[in-house]
Amino acid sequence: MRDFTPIDHHRRVTTMQSLLASGEIGVDALLFTDLTDIRWLTGFTGSNGWAVVRSAVTTLGTDTRYGDRAVAETQGSGVEIVALQNRSALQDAMIEAAGSGEVGIDGRTVTQALWSRLAVDLKLASVDSLVATARETKDAAEIERIEVAAVAADAALAEVEPMLFGTIDEPVTEADVRNELEYRMRRHGADDRSYDTIVASGPEHAARPHHEVGDRTIVAGDTVVIDVGALVDGYHSDMTRSYVIGEPTAQQREIYDLVQVSQTAGLEALRNGVTAHAVDTACRDVFTAAGYGDWYLHGTGHGVGLQIHEPPFHSQVSDEVIQTGNVVTIEPGLYRGGFGGIRIEDLVVVTSDGHRVLTHHPKQPFAS
């Protein structure tokens, strides 16, 4: 059992209650139905739950499968637990907890059917989730968990990399590499993988940024993109390294070097107060100037935390501003059918004076 710094859910709950009491939000209660928001706020990790925040009390509702678990996971937070077996009775109890005043709910997290059902009994107002916004800035306890997840992925890739480079003598498939990575991440302390591990090889598979792993044997001449992350206590890590099997061609060296220059430019641009758009531009301009702009098929990165993809998102359409405490990826890549692909990705926490990289596995694309 890892001895992590406890997450202060009591502070999170009382902060939300104080915001309501101040009148700044303009509603009398907040209703949360998104399970990630609920976990961040209260510590509850079950698969069924609602939370109602009022200025004087916060109530977590779940079914009786999770009653004891909810009590244990929210201990010290000041949250009151309602656990009922009947789903309809549970909804009624949470509606009662919300009260007769105006209730704020993030319309993006509920279906039209649920909104209509709730609107029969509640005075609903659509508000952006204050929890979702707060989740973008990680505290020290969250960064601690993300960093442990990154260490697990670093260690697993270090152990599997020789297997990848040895494929010429002892053939391995994409699935073989994926399976070893996921097994070894758990051996190094991960609870699970962060996402479906990507091992994309060859002139077609590696040209797909989110290739689904198959049984293709990795062979000499392939570019190989490995995108791997670990999950620790609910928090994700994310990292990509790319390789060339055997002696690289001049174009493979050129593309790899270009992606590395682009990623360095993105890292150098990343700091408190810069726009996510500017980070994306810093990477993208390197490719455009070299004549490879149309080989870049995605944005430059995203936030990482309780979700593997969360704000802020580095893209040309983003108006988000990077803040101290954001944990984000910087992951430029170039892809083309017939060539394959190269992507380099690091996970980075934004600090008051710049940033700190959390993923440390060396970038060594060619066998020594």
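For the range 99-119, indicate whether the set of residues that are open to solvent by less than 60 Å² (accessible area, probe 1.4 Å), in contact with a His (Cβ under 6 Å, 6 or more places away or on another chain) and either in a helix (DSSP H, G or I) or not aromatic (Phe, Trp, Tyr) (or both) is non-empty.
no
Can you tell me which residues in the range 136-153 are within 18 Å of Gly229 (Cβ to Cβ) and either surrounded by 21 or more Cβ atoms within 10 Å (Cβ to Cβ) or not charged (D, E, K, R) (or both)?
Within the range 136-153, Lys138, Glu142, Ile143, Arg145, Ile146, Val148, Ala149, Ala150, Val151, Ala152, Ala153 meet the criteria.
Checking the conditions here, which among Thr167, Thr111 is over 29 Å from Thr15 (Cα atoms) and out of contact with any Gly (no Cβ under 8 Å at 6 or more places or on another chain)?
Only one candidate qualifies: Thr167.
I'd like the residue in the range 163-181 that is open to solvent by less than 40 Å² (accessible area, probe 1.4 Å) and not hydrophobic (A, V, I, L, M, F, W, C) and, out of all such residues, is nearest to Asp233 (Cα to Cα).
Glu174
How about the range 308-322: which of its residues are closer than 19 Å to Met239 by Cβ, among the hydrophobic types (A, V, I, L, M, F, W, C) and part of a strand (DSSP E or B)?
Phe313
Give me the residue from the range 259-283 that is under 17 Å from Pro209 (Cα atoms) and touching a residue at least 60 places away in the same chain (Cβ under 8 Å) and, out of that set, most open to solvent (accessible area, probe 1.4 Å).
Gln260
Could you tell me whether the range 345-354 includes any residue that is surrounded by 20 or more Cβ atoms within 10 Å (Cβ to Cβ), within 22 Å of the chain's Cα centre (by Cα), over 15 Å from Tyr243 (Cα atoms) and charged (D, E, K, R)?
yes
Just wondering, is there one or more residues in the range 79-86 that are assigned to a loop (DSSP other than H, G, I, E, B), touching a residue at least 12 places away in the same chain (Cβ under 8 Å) and open to solvent by 30 Å² or more (accessible area, probe 1.4 Å)?
Yes.
So is Ser18 surrounded by fewer than 18 Cβ atoms within 10 Å (Cβ to Cβ), part of a loop (DSSP other than H, G, I, E, B) and of a type in the set (Ser, Thr, Tyr) or not?
It is false that Ser18 is surrounded by fewer than 18 Cβ atoms within 10 Å (Cβ to Cβ), part of a loop (DSSP other than H, G, I, E, B) and of a type in the set (Ser, Thr, Tyr).
Across the range 3-15, what is the total count of residues that are touching a helix residue (DSSP H, G or I) at 6+ places or on another chain (Cβ under 9 Å) and open to solvent by 50 Å² or more (accessible area, probe 1.4 Å)?
Selection size over the range 3-15: 4.
Answer yes or no: is there a residue in the range 96-103 that is without any contact (Cβ under 8 Å) to a residue 12 or more places away in the chain and among the hydrophobic types (A, V, I, L, M, F, W, C).
No, the range 96-103 has no match at all.
Test Val286 against the criterion of being within 26 Å of Trp40 (Cβ to Cβ) and either open to solvent by 50 Å² or more (accessible area, probe 1.4 Å) or not in a loop (DSSP other than H, G, I, E, B) (or both), and give yes or no.
no
Kindly evaluate Lys123 against the criterion of being basic (Lys, Arg), on the phi < 0 side of the Ramachandran plot and open to solvent by 50 Å² or more (accessible area, probe 1.4 Å).
yes
Among the listed residues Gly341, Gly305, identify the single one that is part of a loop (DSSP other than H, G, I, E, B), in contact (Cβ under 8 Å) with a residue 40 or more places away in the chain, open to solvent by less than 10 Å² (accessible area, probe 1.4 Å) and small (Gly, Ala, Ser).
Unique residue meeting the criteria: Gly305.
Taking Arg184 as the residue in question, decide whether it is open to solvent by 10 Å² or more (accessible area, probe 1.4 Å), touching a helix residue (DSSP H, G or I) at 6+ places or on another chain (Cβ under 8 Å) and either over 23 Å from His360 (Cα atoms) or without any contact (Cβ under 8 Å) to a residue 60 or more places away in the chain (or both).
For Arg184, the condition - open to solvent by 10 Å² or more (accessible area, probe 1.4 Å), touching a helix residue (DSSP H, G or I) at 6+ places or on another chain (Cβ under 8 Å) and either over 23 Å from His360 (Cα atoms) or without any contact (Cβ under 8 Å) to a residue 60 or more places away in the chain (or both) - is met.
Restricting to the range 323-338, name every residue that is assigned to a strand (DSSP E or B) and open to solvent by 10 Å² or more (accessible area, probe 1.4 Å).
Once the filter is applied, which keeps residues that are assigned to a strand (DSSP E or B) and open to solvent by 10 Å² or more (accessible area, probe 1.4 Å), the range 323-338 yields only Arg336.
Output the residues belonging to the range 193-242 that are loosely packed, with under 15 Cβ neighbours inside 10 Å, within 23 Å of Pro362 (Cα to Cα) and among the charged types (D, E, K, R).
Asp196
The values are calculated or read from the model by the stated rules, or taken from the named source; none is laboratory data. Note that the coordinates shown come from a computational prediction; the quantities given were computed from them, not determined experimentally. In this analysis, Cβ positions are derived from the backbone assuming ideal geometry, glycine residues included, and neighbour counts consider all displayed protein chains. Side chains are part of the model used for accessible areas, which takes the heavy atoms of the whole protein and leaves out ligands, DNA and RNA. Shrake-Rupley method; radii C 1.70, N 1.55, O 1.52, S 1.80 Å.
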